[in-house]
Amino acid sequence: MESLEERENARFELQERLDDAKVQAERNRLGQFSTPPQLASDIVAYAVSLLSPRLKIRFLEPGFGTGPFYSALLRQVPPSRIEAATGYEIDRHYAESAEHLWKGTRLRLCLADFTTTEPPKAEATKYNLVVCNPPYVRHHHLSQIQKRELQRSIARYLNFEMNGLGGLYTYFMVLSQAWMAKDGVGAWLIPSEFMDVNYGHRIKEFLMKRVTLSRIHRFDPNDVQFGDALVSSAVVFFRNSPPQSNHEVEFTFGGMLARPTVSDSIRLIDLRDISKWTGLPQVISTPIRKHNGVTLADIFTVKRGLATGCNAFFILTMEQIRQFNLPKRFLKPILPSPRDLETDEINADENGEPQIQNRRYLLSCGLPENEVKEKYPVLWRYLERGIKAGIDKRYLCQHREPWYSQEERPPAPFLCTYMGRPTRRSQSPFRFILNHSKATTANVYLLLYPKPDLAASLSNHPELYRKIWKTLSTITAETLMKEGRVYGGGLHKLEPKELANVPADSVLKVFSEGKHLRIRRQMDLFA
Ligand SMILES: C[S@@+](CC[C@H](N)C(=O)[O-])C[C@H]1O[C@@H](n2cnc3c(N)ncnc32)[C@H](O)[C@@H]1O
């Protein structure tokens with residue numbers, strides 16, 4: 001008998017195989033986007049923690065796919081605690097394979113439309129744990145008849161009125177209440193747009209009045225942990241009971257579900273007055289103050305590194321380049337993430353290649369597809385892998401022409417890490433790096449480009465590079481942290497504007513002592 005871990009691995013492989021066998025348009029039609037396994041585990045762990053520990057679990061996963069949540073549940077609770085487990089899946093392509101995969105377990109998988117199936121009537125046959133990543137199908141892809149039917153069902157079972165502009169996921173979530181046992185827990189991975197847009201009003205009413213909203217976690221669009229698959233997703237947890245008057249809702253943001261970077265509770269009565277929920281939780285930030293003295297903005301232009309849209313695809317190791325035999329002319333050196341950068345001074349060979357252990361290269365090509373196909377068939381084969389994985393459809397890629405070209409971000413001699421936590425090794429969450437190489441960076445770094453006066457001094461006095469870097473490194477952790485933002489859990493971030501606002505008197509002193517720099521604040525060419 002396979003272990004549950006092995007089954008999960010088999011499930012994940014099956015999911016990939018089934019996804020690959022479908023054309024994207026068809027997957028879009030049924031909103032087929034599978035939950036990343038780690039996230040599925042985190043969601044189930046949190047949802048189960050909301051149930052009383054001795055309660056037997058009656059589990060429901062509508063829009064089952066291959067059942068990542070069911071798989072996580074099996075790994076997290078003993079089989080004796082699972083009284084029932086039911087899945088609904090409309091697509092035979094997934095349902096049949098999933099049925100086979102989970103044979104021998106408690107699962108009852110129904111090949112049926114969840115939204116048109118009659119919910120159970122008796123309380124004892126309802127579900128106390130509903131976990132779902134519902135299909136994301138926008139309302140204009142639902143037919144009028146379908147919408148009317150959905151609204152009618154919700155009115156009939158729940159006496160609740162829906163707004164016709166919500167996507168299919170809104171109906172899934174609201175309808176699920178009719179399937180839930182009293183005090184049961186619902187966990188929903190859904191787009192976060194309902195938190196702000198007009199049509200979201202009815203969903204918010206549902207969450208504030210019909211159930212007890214426990215928590216909403218929103219992913220940080222800048223986080224790269226799930227690629228950009230979850231850029232605008234949220235996880236909503238609620239309990240099927242009317243809310244108490246003094247109830248407080250937890251809003252969390254960024255990081256992992258189990259370790260969010262910011263978290264705050266807000267009273268339900270106050271939440272009713274807040275129209276845009278994505279402003280929650282409020283980041284504990286210091287407003288940008290203007291210093292009277294010199295700041296880094298007077299000496300440097302500060303920019304964030306480039307956003308590739310999918311680092312795993314566009315940033316490659318030497319082995320990957322060899323494996324795919326990619327042409328050199330489309331590869332530029334790029335630094336690995338700060339975690340993998342073992343030094344703070346990056347030396348270069350005579351070609352400007354960084355002398356570091358974990359070398360990485362950025363794939364960027366501006367040639368149109370037909371030219372790539374004709375002249376660089378090997379590169380084209382690699383790009384096809386990206387197309388198959390849907391990378392060309394990701395937000396950033398879709399907005400580039402062609403999708404496999406990258407923004408221009410010339411290498412900068414000075415870098416600062418974009419975020420971090422104070423560690424035992426270093427009290428400062430940020431590191432300044434001196435870059436002698438021609439490597440550019442991704443958006444986990446800030447780049448400091450010397451403004452013309454400084455650039456001229458540096459070119460006449462190359463010894464200044466190290467002096468400036470040393471001086472930048474003496475800026476105290478406290479000064480940097482004061483400018484940046486701190487998120488719950490002690491994660492600090494510095495946006496380009498915030499770093500630019502850091503006082504730079506000490507850096508200036510390095511030049512003024514040697515009379516290297518004339519600050520031309522008023523006439524600055526870049527200002
Ligand atoms: C976003 S996917 C999630 C799949 C899986 N639960 C996961 O988390 O990876 C939504 C799933 O719902 C299925 N689906 C779409 N419409 C449905 C419906 N009306 N009834 C039941 N399942 C549906 C899709 O085929 C797809 O497998």
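What follows is calculated from the coordinates using simple rules that are stated; it is not laboratory data. The model shown is predicted, which means the values in this text are computed figures rather than measured ones. Quick reminder, even Gly has a Cβ in these numbers, built from the backbone with ideal geometry, and neighbours come from all protein chains shown.
Spacing of the modelled spin labels on Lys328 and Arg385, each 7 Å from Cα toward Cβ, amounts to 2.1 nm. Summing charges over neighbours of Arg81, with a neighbour being any other residue whose Cβ is under 13 Å away from its Cβ, gives +4 when K and R count +1 and D and E count -1. Over segment 308-406, Cα pairs under 8 Å with separation of 6+ residues give a relative contact order of 34 percent. What the Cβ-Cβ distance of Ser337 and His399 gives, at R0 = 22 Å and to the nearest 0.05, is a FRET efficiency of 0.40. When each of Asp183, Asp273 is scored by the number of other beta-carbon atoms lying within 10 Å, the sequence from fewest to most is Asp273, Asp183. Using the rule -39500 (n - 2.57) for each DSSP H run of four or more residues, divided by the residues of the chain, the 222 nm mean residue ellipticity is -8500 deg cm²/dmol.
Exposure proxy shown here: for Ile57, Ile274, Ile266, Ile468, the number of other Cβ atoms within 10 Å sets the order, fewest to most, as Ile274, Ile266, Ile57, Ile468.
A dipole drawn for the chain from +1 and -1 charges on Cβ atoms has a positive end, and of Phe33, Pro68, Leu508 the residue lying farthest that way is Leu508. The order of Asp392, Asp340, going from fewest to most other C-beta atoms within 10 Å of their C-beta, is Asp340, Asp392. Based on the convex hull around the alpha carbon atoms, segment 308-406 presents an average projected area of 6.8 nm². Take the Cβ atoms of Lys121 and Glu463, set R0 to 56 Å, and the FRET efficiency comes out at 0.10. The radius of gyration of the Cα set in the chain, together with its Dmax, comes out at 26.6, 85 angstrom. Direction-averaged projected area, Cα convex hull, segment 4-282: 14.0 nm², rounded to one decimal.
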